[in-house]
Structure formats: C-alpha cells, structure tokens
Amino acid sequence: MSFPSTRTILTSFDGGVVLQASVQKPDKYRFFDSLGDVALIPRGAGLSYPAASFGSESTSVDLSNFNRLLSYQDGLLHVEAGATLGQVYNFLIKHGRYLPIQPGHPDITIGGCVAADVHGKNQLRDGTFIELVEALELFHPKHGVVTLSRTEHADLFYLTCGGYGLTGIIRTVHLRTRELPSPVVEIVTIPVSSVEDLEAVITEKARQYDLVYSWHDFTQRGKGFGKGFIKAARFVPSSEVASSFDQRDRHPKRTLYAEHRGMYRYAFFSQWTTRPFNALFYQSNMIGRSVHKMPLYDFLFPVHNKEIYFKFFGRKGFHECQFIIPFKQVSSWTEEVKVYLSGHSISVTLASAKLFVGEQRLLRFTGQGICMALDVPRSAQGRLFVDFLNDLATRTGAIPNIIKDAELSAPVVAACYPEYEAFRSALRAWDPDRMFRSHLSERIGL
C-alpha cells in the first residue's frame, strides 16, 4: 500500500523559514514498511522555532495520527510519539501522576520533547527530558525497528535524545512519571531590581521552590536594566485544595499553529511600543504579587491562551536566542548586552531566565549556569543583534539552544558544543547515507 505525499508550504514558528516541502501523514504502521531511499524527517506539532521538522529536499513524516496512550503500569506510561503534553497531562492527573519536565505549550508532542531534550520550569531539580525517558522505539529504513534504552543500544539512545530527529523516527516512548503532590500550586512573585541581582535570587528560589522562572525588561536603561521578577511556585498540599477547585480536562482543542502565528500582516512590537508594553506587563505582575493559587496546568503551560504574544510579531516573525551562560561569565555577558542595547534600537520583547546545572553532552542543551532567553522582532537590526549574541557566546563559553535559534551557524555550534564532531561522527556511523535531514541539520552542518 502506498501513502501519498503532498507538496505544501511550511513555515517555521519564528517565521524565519518558509519553503515548499513534501509531507506524508500516515495513519497505519505498515507505512514504515513502504519507505524507500528518500530523505525524511519526523514532524510533530511543527512548533519548533527553527525549521527542525522540514526541509526542501526531505519528506516530512507527520506523526499526529500516532497519538495514542498505549499502556500505564507502576508509574511507567507508554505512548506514541505524536501524543501531546496536554493529552498526557489529562491522563496522568487522574492517576495522581505528572511529568515534571515540560516546555511551555500543551500542543508539543512527546516525540518532539525527546528529539529536542527539552527542559521545564526547574532544571536544577529535574534535569532535562531525557531523565523521563525509560526507553523508546526508533525506526530507520535501513535498520528497521530498534528498542533503545540506557542498557540497550545505549549510544544510540543518547544520540536520539537531543538528536533533533536525525537518527530516525521515534514511534513510541516509555516515560517515567512522578507522583503528583497536588494539581494546584501556590505562586509568589519576587521583584528583581536589575538583572545584576538575578543570579543570587534565582539560585536561592530554585532550591526552595518546585517551579521557578524569571522575566526581565531589557528595554530599561542604566541601573534598572533587566528589572523584573521571579515567579516561584510550590505544590499546595492536597488536603488544602478545595473540592470546588477546577480540575476538569484542559485544552480540548489545538490553538497554536506555525501557519497561524503570522496571521497579522504588521507587527505590534516596535521601538515605540515594546517599552510601554513591558512596563505594563511588569506593573500588572507587581499588582498581583500577593501569594495566590493556580492550577498546575496553567503554570506548566503559560503560553496557552496567550498565543497573541506571538501574533504581535506580525508576518515577519521574531528571533529567539537562548543561552546557558557560565556562572563566572554572567556579569560580563550581561554588561556586554547592556552596552550593545544602549547603542542600538532593538526591541527586546522578552528576557526570561532559569537556573541550569548538569553536564553538557553531544548536542543536548544543558550545562552549568544561568539560562537566558531573549526575543526580538525579526528585522535587519534584530539579525545583527542575534549575530552579536552568538559571537558573545563563543567568547564567554555560553551554550546556544539549537532548537530556539534559527540563525545559528555550523561554526558557532562547533565552537560552543565541545562534542559537535563526536555527534556528527556517531550520526554518520549510524546513518552513512544521511537519510534523515532537515533545514536545521543542513544549516548547522550535520
């Protein structure tokens, strides 16, 4: 049985890549028996900021039909790779379990989380998504179906977790779930007078609370540069959760698509609007800074129901860069960014930080330091700022996030990831014909 492919226009979520690509959307496992010697790349929700799930010379295999939750026993959940975080959340909460490591939107798929080795709201305590993966089932046309774990084909397991879909198609994943202390968290908002105070405060709060991230205003100048706040949450004991508290299934339908993000022709964000927008956002959080309760779902997925933020960038889109800055370089990194922004008309719409620990291996985004994400509107000035940040990363030893920055070049990745060549070599040993490739993999020389 043949499965037809469709030529269609695909867009990266940040708006930086728009191209015609082939897509297949199978709904039966015999599809995998029909694959020949063609370039492929798996595709989940299509929400990666760069073009990680498509390329002009590759056929994207849309896995959205493979979204079943297959089994659950003794805290282990077996799911198909197209299952979403929202689906998994709604299932696990009924069993008093959850996934402690989750990126910010419920439409993201489990396969995508594995491929990008994503992080959550407290990497200090929880690590990255690989910590939740007990085993996975990988398909490659030349190798068939292979089961991977820390004890079975371990090298390929570590190459696949954080391998950006380049080792093959992840079909199913066995996940380690964690006991859910409560479906409700108690949140406190802690003011930060400048970004210079961030490291000390976020380090303290990340050790005290279950979930922690910060927001900063990089449109401020002078001593107030990076003024912002830390959101810290801890689980409310179940005995204190009112029976009337809303615990219904969340997220009944998908709301976020790369193709819809650019629905507005013109951008709202500019050098005139961003500063008052950030000031208003800061003040609104200061007004509501008293301790309050919130469903865990809403804290884990802060972007849900706030998709308008991304649409405010208009059709051109945005740049996002994210770096793990070594602790000893945080001060100098911050000062250089501050000086650069003081001399350029750059609208930084978002600056958000988390605390990271861990050993950086292969191309997985982890390490020791402060993790800082920055958003700016897509423009010539924005691109120059991104180039500046990537050059700064090579000089300070910062690690750029490959799944965030659509402008990363092969030389920058090679300079910032010590095991870049080891990843390339291992990938070619497993897949010498490089059957799996994307716009992202071609751009960074994989």
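Please treat every number below as a calculation from the coordinates, not as lab data. Note that this is a predicted model, so its numbers are computed, not measured. Glycine also receives a Cβ, built like all others from the backbone with ideal geometry; neighbour counts cover every protein chain displayed.
Put a dot 7 Å past the Cα of R178, heading toward its Cβ, do the same for R383, and the two dots end up 4.1 nm apart.
Report the Rg/Rh value for region 128-173, based on alpha-carbon coordinates and the Kirkwood definition of Rh.
0.92
Per residue, the average separation of C-alpha pairs within less than 8 Å and at least 6 apart gives the chain a relative contact order of 18 percent. With kT/(6 pi eta Rh) evaluated at 37 °C and eta = 0.692 mPa s, and Rh the Kirkwood radius from Cα pairs, region 365-446 diffuses with a coefficient of 235 µm²/s according to Stokes-Einstein. Each Lys or Arg adds one and each Asp or Glu subtracts one; over the other residues with Cβ under 9 Å from the Cβ of L63, this totals +1.
Region 202-238 and region 68-99 have Cα centres lying 30 Å from one another. Here, P(r) means the percent of Cα pairs in each 5 Å bin from 0 to the largest distance; for region 167-221 it is 4, 12, 19, 15, 11, 10, 11, 11, 7, 1.
Students often get this wrong, so check it: of K231/K354; K227/K316; K293/K354; K306/K354, which have C-alpha atoms separated by over 18 Å?
Beyond 18 Å between Cα atoms: K227/K316; K293/K354; K306/K354.
Annotation for S331 and S238: the two label points, set 7 Å from Cα along the Cα-Cβ direction, are 4.7 nm apart.
Along the charge dipole of region 73-180, which of V173, L138, P100 sits closest to the positive end, that is, farthest toward it, with unit charges on the beta carbon of Lys, Arg, Asp and Glu (+1, +1, -1, -1)? Of V173, L138, P100, it is P100.
Counted without the sites themselves, the longest stretch of the chain free of trypsin sites (Lys or Arg not before Pro) in a DSSP loop having at most 15 other beta carbon atoms within 10 Å is 307-433. The mean sequence distance of close C-alpha pairs (under 8 Å, at least 6 residues apart), as a share of the length of region 152-286, puts its relative contact order at 25 percent. What the phi angles of region 353-360 give under the Karplus curve with 6.51, -1.76 and 1.60, with θ = phi - 60°, is a coupling list of 10, 9, 9, 10, 9, x, 9, 7 Hz, glycine and proline written as x. Exposed loop sites are taken as GluC sites (Glu not before Pro) in a DSSP loop (any state but H, G, I, E or B) with at most 16 other beta carbon atoms within 10 Å; the longest stretch of the chain without one runs 153-306.
Can you give the charge dipole size of region 73-180 about its Cα centre, rounded to the nearest 20 debye, using +1 on the beta carbon of Lys and Arg and -1 on the beta carbon of Asp and Glu?
Rounded to the nearest 20 debye, it is 160 debye.
When the Cα positions of T273, F31, A398 are compared along the charge dipole of the chain, T273 comes out farthest toward the positive end, with charges on each C-beta of Lys, Arg, Asp and Glu.
Over the chain, the fraction of Cα-Cα pairs per 20 Å bin, rounded to whole percents and listed from the shortest bin up, is 25, 60, 15, 0. Taking only the Cα atoms of region 227-363, the radius of gyration and Dmax are 18.7, 54 Å.
Taking the helices alone, the chain has a mean residue ellipticity at 222 nm of -7500 deg cm²/dmol, built from -39,500 (n - 2.57) per DSSP H run of at least 4 residues and averaged over all its residues.
I'd like the per residue volume of the convex hull spanned by the Cα atoms of region 158-284, given in cubic angstrom.
239 Å³
Placing +1 on the Cβ of every Lys and Arg and -1 on the Cβ of every Asp and Glu, with nothing else charged, gives region 6-62 a dipole about its Cα centre of roughly 160 debye.
The convex hull of the Cα atoms of region 6-62, projected and averaged over all directions, covers 3.8 nm². The charge dipole of the chain, taken about the Cα centre with unit charges on the Cβ atoms of Lys, Arg (+1) and Asp, Glu (-1), comes to about 940 debye, rounded to the nearest 20.
As a length-normalised measure over Cα pairs under 8 Å and 6 or more apart, the relative contact order of region 107-189 settles at 33 percent. What is the diffusion coefficient of region 73-180 in µm²/s, taking the Kirkwood radius over Cα pairs and the Stokes-Einstein relation at 4 °C with a viscosity of 1.567 mPa s? It diffuses with D of about 94 µm²/s by this estimate.
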